[in-house]
Amino acid sequence: MSSTTLSSSPPLFSTPSVEPPQPPIPGDPSSFAHPHDVPDTEQTELLSVSWNQDYGCFAAGTSHGFRIYNCQPFKETFRRDLKTGGFKIVEMLFRCNILALVGGDSNSYYPPNKVIIWDDHQSRCIGEFAFRSDVRAVKLRRDRIVVVLEHKIYVYSFMDLKLLHQIETLANPRGLCCLSHQSNTSVLACPGLQRGQVRVEHFGLNMMKLINAHDSHIACFTLTFDGLLLATASTKGTLIRIFNTMDGTRLQEVRRGADRADIYSIALSPNVQWLAVSSDKGTIHIFSLRVRVFGEDSSSQQSFIQGPAMFHQNSSSSLDTLISPSTGANPGSSLSFMRAFGSQNTVIVVGMDGSFYRCSFDPVHGGEMLQQEYVRFLKTDSKPR
């Protein structure tokens, strides 16, 4: 059960980009402090990292608040700090002024069972959702807010915060859920009610598809921008499978390795030519996909063709010992996030140890990736002025 509060405010998307905040409301305990109000002697802990919808920037939830970083060029865009604690979930909506925030366990003002819809332009909360259990994830698109609990997913309208759908899932402590972000498709993927099953909702078509992706429990999955392709991995972590979400057809299967691994993140390139996988082995594997795509980018209309037999291949490129497993991270959250892919065959990787990597790979010969950029972003001196 949930409760919803909506504050009166101007249209949510009147501001196309993130703007500097107005002065905080005097005496409001929920207002953010300026960075210098938080003592530098206090060590900042990274609680979460999440990409925005076009992967051009990412949000870092910290023990003091949150920070927003641009990827190319790398730069801290802004930060907001609280004296009451930090945020375990910070979800952006492209680059606009609206964010969804969920407080960390030590946050004395924002509890972990409440979602705050924050307007950074007005520097205030414009809506909130309260639940009986902790929020595991929040996903945004321009017309929807999706809140993930351990056994249920709630889908709300963004404009009036009305509840549109409720979806029962298998136990989902990692908060697994993906949305499409193309305007003419509305697709949601989440765990089903059976082990190894992914449920795909095509809301625009009023159609639901159950995909039995693996024998083991689902560990990670991702959708293409238009939601027409799904990539999945199980808790065994040896195989990554690609499915057509319209009919559930398995299009391709790639093998990460023979040993069991905990898959942290899966990413698909915009043209669906490459797939990247990170795991607790401290490696990132790049696979060449054989799914034919028509169109210049992910916003173009795509068509998927399966060959006479399902494709199976090994990794074509890997980056060994680049990301070390994080020992301080919450085991219920993803520990490594990647943006695949940047320009000119590059992969951008953000680790829960506070590391930002930009690496390039050889699309023809494979082999070790080449590190192009490395930043310890929690300790960077490129603070916004």
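Among the residues of the range 243-299, those identified as open to solvent by less than 10 Å² (accessible area, probe 1.4 Å), in a loop (DSSP other than H, G, I, E, B) and modelled with pLDDT of 85 or more are 245, 261, 269, 272.
One line per residue, one yes/no per condition, for (1) modelled with pLDDT under 95; (2) of a type in the set (Phe, Trp, Tyr); (3) open to solvent by less than 10 Å² (accessible area, probe 1.4 Å); (4) under 20 Å from the mean Cα position of the chain (by Cα):
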{"residue": "135", "(1), (2), (3), (4)": "no, no, yes, yes"}
{"residue": "141", "(1), (2), (3), (4)": "yes, no, no, yes"}
{"residue": "152", "(1), (2), (3), (4)": "no, no, no, yes"}
{"residue": "155", "(1), (2), (3), (4)": "no, no, yes, yes"}
{"residue": "183", "(1), (2), (3), (4)": "yes, no, no, yes"}
{"residue": "189", "(1), (2), (3), (4)": "no, no, yes, yes"}
{"residue": "212", "(1), (2), (3), (4)": "no, no, no, no"}
{"residue": "226", "(1), (2), (3), (4)": "yes, no, yes, yes"}
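Checked against the criterion of being closer than 21 Å to residue 372 by Cα, open to solvent by less than 10 Å² (accessible area, probe 1.4 Å), touching a residue at least 12 places away in the same chain (Cβ under 8 Å) and not acidic (Asp, Glu), the range 59-67 contains not a single residue that satisfies it. Scanning the range 152-210 for residues that are of a type outside the set (A, V, I, L, M, F, W, C), closer than 22 Å to residue 99 by Cβ and assigned to a loop (DSSP other than H, G, I, E, B) yields a total of 9. Residues that are over 15 Å from residue 222 (Cα atoms) and touching a residue at least 24 places away in the same chain (Cβ under 8 Å) do not occur anywhere in the range 174-182. Candidates in the range 336-368 are the residues that are open to solvent by less than 20 Å² (accessible area, probe 1.4 Å) and modelled with pLDDT under 80; of these, the one that is nearest to residue 134 (Cα to Cα) is 336.
The values are calculated or read from the model by the stated rules, or taken from the named source; none is laboratory data. These numbers were taken from a predicted model, which means no experiment stands behind them. Because the Cβ atoms are built from the backbone with ideal geometry, glycine has one as well, and the counts that use them run over all protein chains shown. Surface accessibility is based on the protein's heavy atoms, side chains included, excluding ligands, DNA and RNA. Shrake-Rupley method; radii C 1.70, N 1.55, O 1.52, S 1.80 Å.
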